[in-house]
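Here the structure is laid out as structure tokens; the discussion comes afterwards.
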């Protein structure tokens, strides 16, 4: 069910990213211009063109032709992990995370500090907060998580 992403998956991947950003992050930042203007499916899908680094490092959870989740890696870092909201809490995220850890050696990530649900998900799946923090784009507080040794 988990496979390397293909160019034909670009719009589906973009839909999941945009939807999850709006559902999970907009409530904290309330930035209409970004979440409902700058952030859009067309521009996000353009990042996943044939041969792009984003596409080469992305894997999808494909359930009989329906892409329900995605994970993007950068070496050992988990850059993005999103599951379509309608399919969340069904084990897809855990499967994608397990694949990244067990098959690709991923062992750390940055999580939005406000995203308590996401942090709890990673903790249930063997990750711990390292105490390291950073601010991305001058206003997005992130916390580092690493696989428990």
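Just so you know, all these numbers are worked out from the coordinates, no wet-lab data involved. Fair warning: this is a prediction, and the values are worked out from it, not measured in the lab.
Please compute the alpha carbon radius of gyration of region 57-149, then divide it by the globular-protein estimate 2.2 N^0.38 Å. Two decimals is fine.
Taking the Cα Rg and dividing by 2.2 N^0.38 Å, one obtains 1.06.
In percent, what relative contact order does the chain have, based on Cα pairs under 8 Å that are 6 or more apart in sequence?
The normalised contact order for the chain reaches 20 percent.
Starting from the Cα-Cα distance between residue 134 and residue 47, subtract it from 0.36 nm times their residue separation and give me the gain in nm to one decimal.
28.9 nm
Could I get the Rg over Rh figure for region 1-55? Both from C-alpha atoms, Rh via Kirkwood, rounded to two places.
1.04
Rounded to the nearest 5, what is the percent of antiparallel bridges among the DSSP beta bridges in the chain?
About 95 percent, rounded to the nearest 5.
So how far, in whole Å, is the C-alpha centre of region 82-132 from the one of region 1-16?
19 Å
In region 2-107, what is the volume of the convex hull around the alpha carbon atoms, normalised per residue and reported in Å³?
103 Å³
In deg cm²/dmol and to the nearest 500, what is the mean residue ellipticity at 222 nm of the chain if only DSSP H runs of at least 4 residues count, each as -39500 (n - 2.57), divided by the residue total?
Helix contribution divided over all residues of the chain: -8500 deg cm²/dmol.
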